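Each remark here refers to the structure printed beneath this line.
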Amino acid sequence: MNALATIRQAPGLDRYLELLERRLQEVVRAYPGLLADVGADTLAAGGKRLRPLLVFLSTPPDDRESERAVAGGAAVELVHMATLVHDDLLDAADLRRGRPTVWAEHGEETARAAGDYLFARAFAQLASTGDADAVRILSHATLALARGEALQRRQAFRPETTVDDYLARCSLKTGKLFEAACLLGGVGLGPFGLALGIAFQIADDILDCCGDFDTTGKVQGVDLRDGTPTLPLILAARTDGEVRRALAGDDVPGALERVPATGALEEAREFALRYAAQARAALDGQPDRVSLETLTHIVVDREG
């Protein structure tokens, strides 16, 4: 049985995902019009539903079909979708998961409004449960996302960005929403989610340097083009002047192809593995440890 199949065996998961997809469709279609249509298209593009999966696995087994679990899973996925729409706008990205982005298809104003719509629908889900603590958890994570994006803009085209500063950005932009998903489950898995999210982001940044478009659905080398100092690029820039120049904003043909030769991809993967191990170390005494441990391997070794 492969790693993903192990997680699929978690009791109640298929039913939870069925409830989740139904809820997501209802939520994005709640206010008919252009934004609802764009939201539905974004939803139809698919995704791993990793954050709702974390809500499910972090919820006590007897409560996994509860309103809090379903609303929490829908809310974190909607926030994730909103950030993708806004990220594509900020990055002027043409494709996401092999499909035209909202920005490319509908323009800047619609992309901005669509992201805001998805954010609003996320918080409406949690507010409808009457659970103020859940709203607080997600609001803190959303604030972290905004701070992480601002930090990324400040670090842009700065190859001298330190590894610690990069990891701080990963914590804000990715780790905090993973943490929130685990906290919404209610069994104290926040440290697991935070470490897992950082491992996930490092792996994602490695894929940007070497991933196949047919598998990832994203064009290779976007981070280097945009001057985003990711871990593999920071490490490569330390030993390769051409990569450093490209990361600083110079036009350097072939710079991306030079990254693997520096050993930066392997070194970055070691960081991801360390954070995955840190996530596993936070699982002592958890009831569904097998599925959660399996996730720590999947996020590092995935191809897309």
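The values are calculated or read from the model by the stated rules, or taken from the named source; none is laboratory data. All figures in this text were calculated on a predicted structure; none of them were measured in a lab. Every residue, glycine as well, gets a Cβ built from its backbone with ideal geometry; the counts of neighbours run over all protein chains shown. To get the accessible areas, we keep the full protein, side chains included, count just its heavy atoms, and leave off ligands, DNA and RNA. Shrake-Rupley method; radii C 1.70, N 1.55, O 1.52, S 1.80 Å.
Quick look at the numbers
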{"item": "Any helices (runs of 4 or more DSSP H) falling wholly within region 131-224 and containing at least 3 residues that are of a type outside the set (Ser, Thr, Tyr) and closer than 26 Å to Val55 by Cβ", "result": "132-155, 163-170, 176-185, 190-210"}
{"item": "Output for region 81-96, where each listed residue is farther than 15 Å from Val38 by Cα and open to solvent by less than 50 Å² (accessible area, probe 1.4 Å)", "result": "Asp87, Asp91, Ala92, Ala93"}
{"item": "Residue that is farthest from the chain's Cα centre (by Cα), among those in region 282-300 that are part of a helix (DSSP H, G or I) and without any contact (Cβ under 8 Å) to a residue 40 or more places away in the chain", "result": "Arg289"}
{"item": "Residue list for region 97-108, restricted to those being assigned to a helix (DSSP H, G or I) and either modelled with pLDDT of 95 or more or crowded, with 22+ Cβ neighbours inside 10 Å (or both)", "result": "Val102, Trp103"}
{"item": "Filter result (open to solvent by less than 100 Å² (accessible area, probe 1.4 Å) and either at pLDDT below 95 or over 23 Å from Ala111 (Cβ atoms) (or both)) within region 14-29", "result": "Asp14, Arg15, Tyr16, Leu17, Glu18, Leu19, Leu20, Glu21, Arg23"}
{"item": "Conditions (1) within 15 Å of the chain's Cα centre (by Cα); (2) closer than 26 Å to Phe271 by Cβ: number failed by His86", "result": "(2)"}
{"item": "Hits in region 35-77 - residues which are part of a helix (DSSP H, G or I), more than 15 Å from the chain's Cα centre (by Cα) and farther than 13 Å from Ala114 by Cα", "result": "Ala44, Phe56, Leu57, Pro61, Asp62, Asp63, Glu67, Arg68, Ala69, Val70, Ala71, Gly72"}
{"item": "Residue among Pro32, Pro11 that is touching a residue at least 40 places away in the same chain (Cβ under 8 Å), over 20 Å from the mean Cα position of the chain (by Cα), open to solvent by 30 Å² or more (accessible area, probe 1.4 Å) and over 16 Å from Thr296 (Cα atoms)", "result": "Pro11"}
{"item": "Test: residue in region 198-215 that is over 19 Å from the mean Cα position of the chain (by Cα), open to solvent by 20 Å² or more (accessible area, probe 1.4 Å) and within 30 Å of Leu283 (Cβ to Cβ)", "result": "no"}
{"item": "Matching residues in region 123-162 - criterion: being open to solvent by less than 80 Å² (accessible area, probe 1.4 Å) and of a type in the set (Phe, Trp, Tyr)", "result": "Phe123"}
{"item": "Tally, over region 229-247, of residues that are small (Gly, Ala, Ser), free of Cβ contacts under 8 Å to residues at least 60 places away in the same chain and crowded, with 24+ Cβ neighbours inside 10 Å", "result": "2"}
{"item": "Top-ranked residue in region 35-50 [being more than 15 Å from Ala69 (Cα to Cα) and among the hydrophobic types (A, V, I, L, M, F, W, C); ranked as most open to solvent (accessible area, probe 1.4 Å)]", "result": "Ala44"}
{"item": "Residue count, region 249-264 (criterion: part of a helix (DSSP H, G or I) and surrounded by 20 or more Cβ atoms within 10 Å (Cβ to Cβ))", "result": "3"}
